[in-house]
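The values are calculated or read from the model by the stated rules, or taken from the named source; none is laboratory data. Being a predicted model, the structure only gives us computed values, none of them experimental. Cβ atoms come from the backbone with ideal geometry, glycine included; neighbour counts cover every protein chain shown. Side chains included, ligands, DNA and RNA excluded: accessible areas come from the protein's heavy atoms. Shrake-Rupley method; radii C 1.70, N 1.55, O 1.52, S 1.80 Å.
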Amino acid sequence: MSGFVWLAPVGLAALGALGLLVLLYILRATPQRRRVSSTLLWRPEARPPVASTPFRRLVSEPALWFELAALAAAATALGQPATRTLRRPAAQVAVVLDASASMLTVEGSARRFDLARRAALARLATLSNDTEVWLFEARARPTLVAHGTPAAVRVALASRPAPSAVEGSLGATLSLAFQRLAPFGGAGRVEVFSDGLEGRTIAPPAEVGFQLFAFGEAHDNHALLRAEAAIEHDPAAGDQLVVVALAANFSSATEGMTVVVEDPEGRTLSRVTARLGPDARQPLRLACPRGALETAAPLRVRVLEGDALGADDVQWLRVPPPRRLDVRLYGRSHESPVVRALLSDPEVRVRALSLASPADEAPLSVFEGQCPPRRPAGDLLVFGPPEGPCLGTVVGPRLVAPAVTAFDGADPRLRFLSLDDLVIDEARPFTHLPGTAQGLLRSDRAALMVGDAGPDGHTTLVGFDPAMSDWPHHHAFVIFVRNVIEEARRHRDLAVARSVAAGAVFEAPRTHNAAVLVGPDGAVQLAAAGATWRTEDTLTPGPYTLREGSRSLHFVSNLRSAQESDLRAPAATPVRRDARPPQPQPQVAAYAGWLLALAALAVSGELLFLRGRDAREAP
């Protein structure tokens with residue numbers, strides 16, 4: 001329905017000015033043009049003429065009609081004429097597609113996700129072109145995929161990839177969809193395409209319509225909710241890798257499960273069979289062969305019995321590093337005090353090499369009397385480097401009997417010891433230190449020990465040979481070497497992260513300007529956030545490796561959601577509910593602007609007319 005209205009009828013009072021304008025033209029006398037030799041004697045004629053009688057006949061003049069038109073248009077504009085129309089708002093539809101792990105369940109020959117996407121495409125094809133559509137996906141985080149016409153949203157939906165095995169966010173996605181459509185009143189409608197497993201979380205507001213399209217039937221399912229690897233130490237037999245897997249039975253009957261641990265080549269390292277009661281969860285212990293500790297690649301734990309959802313039957317894990325630490329020694333004598341201090345740790349394995357040997361990475365490299373031409377990966381300990389540049393520092397000339405004046409007892413390498421009574425026969429001090437290095441042991445002249453924490457590991461430079469001091473005769477020397485060993489062991493263990501939940505955002509310390517994260521689906525995009533690397537997208541299950549310079553960080557991502565694995569019938573949920581009918585919204589079309597433009601056009605016409613008349617009457 002529509003009608004003509006005056007938004008400011010009081011403004012029409014300005015139309016009275018039309019009568020005043022006409023009255024002025026009646027009272028005004030008509031001037032006569034006279035040609036004279038000089039205006040000096042005719043100045044009285046320059047005064048406005050006065051009519052000889054109060055009123056005269058109105059003469060039609062073009063200027064009068066121009067002024068009447070301009071004044072009438074302006075006065076009418078002050079009344080703000082408009083037409084008011086009541087129209088219902090355009091339909092707003094939010095399509096929410098569940099993309100969680102449970103949507104990977106196979107129903108016959110197709111996955112639930114494929115069935116839901118096919119139905120959503122058919123539903124979009126039935127919407128009119130003036131419908132505004134919002135497409136949301138409930139993955140690990142609520143995601144707005146597309147917004148526009150039904151045809152444009154159909155194109156975006158058809159190209160969406162299959163969901164990953166992550167815990168979904170259907171409840172949060174629905175809240176976002178309801179929030180987007182709430183301002184449109186009853187014109188908004190949310191349509192959910194899901195298996196309904198989170199139906200108990202749906203609480204649509206009264207002003208938004210809601211409909212659930214459910215896909216899939218109830219299934220009994222078994223799953224691995226978690227898997228952890230540990231090293232058990234047996235003094236007689238040695239270390240052994242043990243995997244503990246948490247198995248779950250989402251069924252009303254007792255089910256048998258066979259769980260295996262496999263190496264990267266698919267060989268079975270351990271197997272266990274168990275029977276789980278209804279709705280039972282049971283930890284299963286799998287002992288692996290001794291050689292499994294040498295496996296650097298990730299191991300896979302899986303259930304042999306197949307079911308409708310295979311994404312929750314697999315857990316990945318990394319073999320934790322053993323207590324044993326490999327040390328590479330580049331020295332002059334295998335019987336030096338350094339070797340004896342290293343071997344004081346029974347879990348250290350020393351391998352002697354020369355500088356000509358091929359590069360061999362190890363958690364800790366020790367050099368005696370020489371500086372490595374290139375810094376190896378891992379922690380580094382150098383005793384008595386020769387004079388000259390060494391790893392960014394400068395080793396000065398020989399210094400006889402330097403006196404120790406200070407040492408940094410807060411540094412982890414010098415904890416639990418004292419160097420106050422250390423006697424050094426000769427040393428080569430460090431005359432130049434890089435910006436990140438700090439002096440750990442100082443004499444009255446220069447630094448005798450330097451420590452640096454770089455992206456490739458910690459570096460410790462000792463400016464003297466321990467044999468040229470009484471340090472090896474004190475327990476402080478063995479404690480120092482053991483502290484360096486423990487720091488190297490700790491840094492090595494940090495390179496093997498345990499497990500990250502699938503769907504989470506991974507963060508790692510940033511030490512270089514460039515890094516590469518490789519996962520089961522290839523390279524994963526990283527973003528630098530200050531001193532942290534952060535993944536742009538959530539992680540899918542599988543093994544990952546972060547490479548940054550010479551440093552590598554290994555971790556795995558696993559699905560750990562009992563909610564996604566429980567495929568039985570969900571609780572009752574509203575399938576459809578219509579919103580309150582939307583109230584028609586008034587739409588006003590105003591004409592004041594057009595009338596003001598008409599008034600301006602009339603004024604311009606009068607000016608052009610007067611200018612033309614003056615030009616014609618000029619001599």
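Assorted remarks:
- Using alpha-carbon coordinates, inclination of helix 592-617 to the longest axis of the chain, degrees: 50 degrees
- Along the axis of the charge dipole computed for the stretch 252-333 (Cβ charges of +1 for Lys and Arg, -1 for Asp and Glu, origin at the Cα centre), the listed residues Q282, V327, L317 are led at the positive end by V327.
- Solvent exposure of the chain as accessible area per residue, Å², 1.4 Å probe: 51 Å²
- The stretch 325-494: C-alpha gyration tensor shape, a/c 1.5 cut-off, then a/b vs b/c: rounded
- Relative to the Cα centre, the charge distribution of the chain, modelled as +1 at Lys and Arg Cβ and -1 at Asp and Glu Cβ, gives a dipole magnitude of about 3840 debye.
- R340 versus A13: modelled label distance in nm, points set 7 Å from Cα along the beta carbon direction: 11.4 nm
- Near L144: Cβ cut-off under 12 Å, other residues only, Lys/Arg at +1 and Asp/Glu at -1. The net charge is +2.
- Dipole magnitude (debye, nearest 20) for the stretch 500-554, charges at Cβ of Lys, Arg, Asp, Glu: 200 debye
- 17 Å reach of a label modelled at T511, 7 Å along Cα-to-Cβ, counting backbone N of the stretch 375-398: 375-382, 391-392
- Solvent-free Debye scattering, log10 I(q)/I(0), computed from the Cα coordinates of the stretch 500-554 at q = 0.23 Å⁻¹: -0.87
- Here's the picture: charge each Lys and Arg Cβ at +1 and each Asp and Glu Cβ at -1 in the chain, and of L246, Q563, Q80 the one pushed furthest to the positive end of that dipole is Q80.
- The distance from the alpha carbon centre of the stretch 505-533 to that of the stretch 141-195 is 29 Å, rounded to a whole number.
- Farthest positive-ward along the chain dipole, Cα basis, beta-carbon charges - from V259, G549, V348: G549
- For the chain, the ratio of Cα radius of gyration to the globular rule of thumb 2.2 N^0.38 Å stands at 1.73.
- Viscosity 0.692 mPa s, 37 °C: Kirkwood-radius Stokes-Einstein D of the stretch 438-566 over Cα pairs, µm²/s: 184 µm²/s
- Fraction of the pair-distance distribution of the stretch 319-391 above 15 Å, Cα-Cα pairs, percent: 54 percent
- Each pair of Cα atoms in the stretch 221-321 enters the Kirkwood radius, and Stokes-Einstein at 37 °C and 0.692 mPa s then converts it into a translational diffusion coefficient of 236 µm²/s.
- Rolling a 1.4 Å probe over the protein heavy atoms of the chain, with every protein chain left in place, gives an accessible area that is 56 percent carbon and sulfur.
- For the chain, the longest principal axis of the Cα atoms and the long axis of helix 112-125 meet at an angle of about 10 degrees.
- Summed residue charge, Cβ within 14 Å of L598's Cβ, Lys/Arg positive, Asp/Glu negative: -2
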